[in-house]
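Visitor: Can you keep this structure in mind? I'll have questions shortly.
The values are calculated or read from the model by the stated rules, or taken from the named source; none is laboratory data. Source: prediction; values computed, not measured. All Cβ positions, glycine included, derive from the backbone under ideal geometry; neighbour counts span all protein chains shown.
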Amino acid sequence: MCETRAAPVVAIDVGTTNLRVGVWQNDRVEIIPNSQGAYSTPAYVAFTASECLVGEAAELQATRNAANTIFSVNRLIGRKFSDGKLQEDRS
């Protein structure tokens, strides 16, 4: 008889300030560390003239590059770009 194995399930926790990624395996959730070894990543994305920054790197430059830095991404989920609140926040 053939044994059926469930595929791993990945979950992404999109918080206001941090993101976390976990996988369900061995009957429990295991939080996956980011490339710096931390179990949460600042919820920031920034664009410069030469690169796209994410996480801590984006957060660290947010005050000097505010116009090109996105944070609190959970408030964007499910909204259209034309949403009045989003357009107000862009100003």
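Visitor: State all residues of segment 34-54 that are surrounded by 12 or more Cβ atoms within 10 Å (Cβ to Cβ), in a loop (DSSP other than H, G, I, E, B) and not polar (S, T, N, Q); if no residue qualifies, say none.
Guide: Across segment 34-54, the qualifying residues are Ala38, Tyr39, Ala43.
Visitor: I'd like the residue in segment 55-81 that is of a type in the set (Lys, Arg) and loosely packed, with under 10 Cβ neighbours inside 10 Å and, out of all such residues, is nearest to Arg20 (Cα to Cα).
Guide: Lys80
Visitor: How many residues does segment 1-15 contain that are surrounded by 10 or more Cβ atoms within 10 Å (Cβ to Cβ) and either assigned to a strand (DSSP E or B) or at positive phi (or both)?
Guide: 5
Visitor: Now for a different question. Pairs please, first residue from segment 72-91 and at positive phi, second anywhere and outside any helix (DSSP H, G or I) and of a type in the set (Val, Ile, Thr), Cβ atoms under 9 Å, 6+ apart in sequence or on different chains.
Guide: Short answer, once both residue conditions are applied: Ser72/Thr16; Ser72/Thr17.
Visitor: Any idea which residue in segment 51-90 is nearest to Ala38 (Cα to Cα), counting only those that are among the hydrophobic types (A, V, I, L, M, F, W, C) and modelled with pLDDT under 90?
Guide: Among residues in segment 51-90 that are among the hydrophobic types (A, V, I, L, M, F, W, C) and modelled with pLDDT under 90, the one nearest to Ala38 (Cα to Cα) is Val73.
Visitor: Could you check, for segment 16-28, whether at least one of its residues is hydrophobic (A, V, I, L, M, F, W, C), without any contact (Cβ under 8 Å) to a residue 60 or more places away in the chain and in a loop (DSSP other than H, G, I, E, B)?
Guide: no
Visitor: Take Thr69 and decide whether it is closer than 17 Å to Asp89 by Cβ and either without any contact (Cβ under 8 Å) to a residue 24 or more places away in the chain or among the polar types (S, T, N, Q) (or both).
Guide: For Thr69, the condition - closer than 17 Å to Asp89 by Cβ and either without any contact (Cβ under 8 Å) to a residue 24 or more places away in the chain or among the polar types (S, T, N, Q) (or both) - is met.
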